[in-house]
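Enquirer: Supplied in structure tokens, the structure appears directly below.
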Amino acid sequence: MTLDWSGYMRAEHNAVENYQMDGSSPGYSNNTSASGEYIKGQGDKSTTFTSVFLKLKPKVLVNDNVIIHSEWNVGDPIFGFLGQNVTTYDRNNPTGNSRGTMNISASRLWLDTHTDFGTLQVGRAPLHWGLGAIFNSGDGVFDRFQSTVDTIRLVSKFSYITFMPFYAKDSMGRQLSGALAADNSTIVSGTDDVTDYGLALKYENPEEDLEGGVIYYKRQASDQQGTYFYPSTASSQTAGANGMNLSLIDLYAKKTWSHLELKAEVPIYSGTIGDVNNVGQRNSYSLAALVAEADLNYDSWKHALKFGTVPGQAPVATGSRGSNFGALYLNRDYKLGMILFNYNLHNFGTNNPDPVLPSTSAATSVSPYDAAITNTKYLAWASEKRWEQWAFNAGLIFAFANNTAVAGQDFYNHSYHVWDTAKSTQGNRLGWELDLGTHYNWDDNISFGMQAGIFMPGSYYSFINIAGSNQNLSSVKALTLSASTSF
């Protein structure tokens, strides 16, 4: 047997100024709505944080037909060592700096067996499709949110066609024999946990530089399953209509000419999900999104254009939410820039609806990267100039909200994942962002970088859900220093 190693290490230092987007004096707060707020209203707030992360990818080559893949994390892939293992020793020493141990965990482990009819993959394996808008394997050095499933799948290739049927499990549930009843007292037989299955078809023609495909992905979960998919409230994760019967058809295409490459992905959802609207039954979920990219490459220059539309939940008459829900959140590794849809600006504090660590409380902030592209039309341009070791880049982003709050109607807060009644009308302009950066490649494996950005929030973020009152906005500035090595 042969053991083959690869992996990477990254280190980041982040500084974010005025993450509350509030231009008022520090400490000022005029917000009286605990659930409907968009901005905390705490004045000019700034923060710095540093994270370090190491990923190891040992691979065992058993023979010509059998390969065992694995991926090991030193730290958490989302926030590295950030927020973990705080000083625990010498507490009476004001300059004490002892640290706890660092967590080492196996994030993926799967077996590839090459047969006459294709490659059989079994285990906890990555999943990637198209542009990575929905399923993103997160293989980049600075990717944090990986799509990983416990799966059995067959990858068969016939000429230009790749055929992949699959079966996957995302949760074993609380008991092996079944799922818990709503009151957590008894085991409900015959109520399975979260089960996925589907089929992917992919066409690749290198002679024509043409690629495309479609994946059908089906997910089922019972109401008795303790689920974290779109909970209607923080306490309803083990009770109520939390199950789903959801189908996804995701199409993508890519065509390359001499210097130009065009790519697009269209995810189409249908079915039912958990009771986001809190109406006592599963909510119907039917929507589609468009994610498109255009790349233009000329020797040392690279230009990229990203544009698309991602649906959000529309406002409804007060008290009449119904059972339809229509907001989509793209995979958080699909990014546009360094501030908007990247940093979780709203929830740097104590109101994070998406805690990364297991928690029974929604008021837990453990990751600054919880933002995702949702409820928006966007246009993003980026250019990069490369020399032998140096590279400079610039980017510009414009974004508008698809749905906003209307005075007197119920609206869905896409940042806090809750419903509230609007006391005023919200604007649809998310704002614009300018990014500038440079990278220095010490050699083929080691890179250093610096990225700076400024985000000018629009009328969408001035909304604080108080009649006749809006937030006084000011710009958000960010600076990131990074170092990474791949091996």
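The values are calculated or read from the model by the stated rules, or taken from the named source; none is laboratory data. Please read all numbers here as calculations on a predicted model, not as lab measurements. We place every Cβ from the backbone using ideal geometry, glycine too, and count neighbours over all the protein chains shown.
Enquirer: Of everything in region 142-164, what is among the hydroxyl-bearing types (Ser, Thr, Tyr) and part of a strand (DSSP E or B)? Give them in sequence order.
Expert: Listed by number, the residues that qualify are Thr148, Thr151, Ser156, Thr162.
Enquirer: Same structure, new question: Any idea which of (1) in contact (Cβ under 8 Å) with a residue 40 or more places away in the chain; (2) under 19 Å from the mean Cα position of the chain (by Cα) is the one Ile268 doesn't satisfy?
Expert: It is condition (1) that Ile268 fails.
Enquirer: Can you list residue pairs whose Cβ atoms sit under 9 Å apart, with the first residue in region 280-304 being more than 16 Å from Tyr252 (Cα to Cα) and the second being modelled with pLDDT of 95 or more and not in a strand (DSSP E or B)? Count only pairs 6 or more apart in sequence or on different chains.
Expert: Leu287/Pro311
Enquirer: Of everything in region 4-27 that's at pLDDT 90 or above and among the hydroxyl-bearing types (Ser, Thr, Tyr), which residue is surrounded by the fewest Cβ atoms within 10 Å (Cβ to Cβ)?
Expert: Ranking the qualifying residues of region 4-27, first place goes to Ser6.
Enquirer: When residues of region 401-428 are filtered for being of a type in the set (Ser, Thr, Tyr) and crowded, with 18+ Cβ neighbours inside 10 Å, how many remain?
Expert: The number of residues fulfilling the criteria is 4.
Enquirer: Taking the condition touching a residue at least 60 places away in the same chain (Cβ under 8 Å) and buried (at least 18 other Cβ atoms within 10 Å of the Cβ), does Ala391 pass?
Expert: So Ala391 fails the test.
Enquirer: On to the next question. Restricting region 266-291 to residues that are buried (at least 17 other Cβ atoms within 10 Å of the Cβ) and of a type in the set (A, V, I, L, M, F, W, C), which is modelled with the lowest pLDDT?
Expert: The selected residue is Val276.
Enquirer: With region 416-467 as the region, which strands (runs of 3 or more DSSP E) entirely inside it contain at least 2 residues that are out of contact with any Lys or Arg (no Cβ under 7 Å at 6 or more places or on another chain) and farther than 18 Å from Asn18 by Cβ?
Expert: Counting at least 2 such residues, we get 418-421, 429-441, 446-457.
Enquirer: Let me ask something else. Tell me which of these Asp333 doesn't satisfy, since it passes every other one: (1) touching a residue at least 60 places away in the same chain (Cβ under 8 Å); (2) closer than 23 Å to Arg144 by Cα; (3) surrounded by 16 or more Cβ atoms within 10 Å (Cβ to Cβ); (4) touching a strand residue (DSSP E or B) at 6+ places or on another chain (Cβ under 9 Å).
Expert: (4)
Enquirer: In addition: Just a yes or no: is a residue in region 78-92 of a type in the set (Asp, Glu), under 14 Å from Asp112 (Cα atoms) and modelled with pLDDT under 90?
Expert: No, because not a single residue in region 78-92 is of a type in the set (Asp, Glu), under 14 Å from Asp112 (Cα atoms) and modelled with pLDDT under 90.
Enquirer: While we're looking at this one, here's another question. Only one residue in Asp370, Asp443, Asp435 is buried (at least 18 other Cβ atoms within 10 Å of the Cβ), at pLDDT below 95 and within 23 Å of Thr480 (Cα to Cα). Which one?
Expert: Asp370
Enquirer: Another question, if that's okay. Would you pick out the residues in region 381-415 that are of a type outside the set (Asp, Glu) and part of a loop (DSSP other than H, G, I, E, B)?
Expert: Trp387, Gln389, Asn402, Asn403, Thr404, Ala405, Val406, Ala407, Gly408, His414, Ser415
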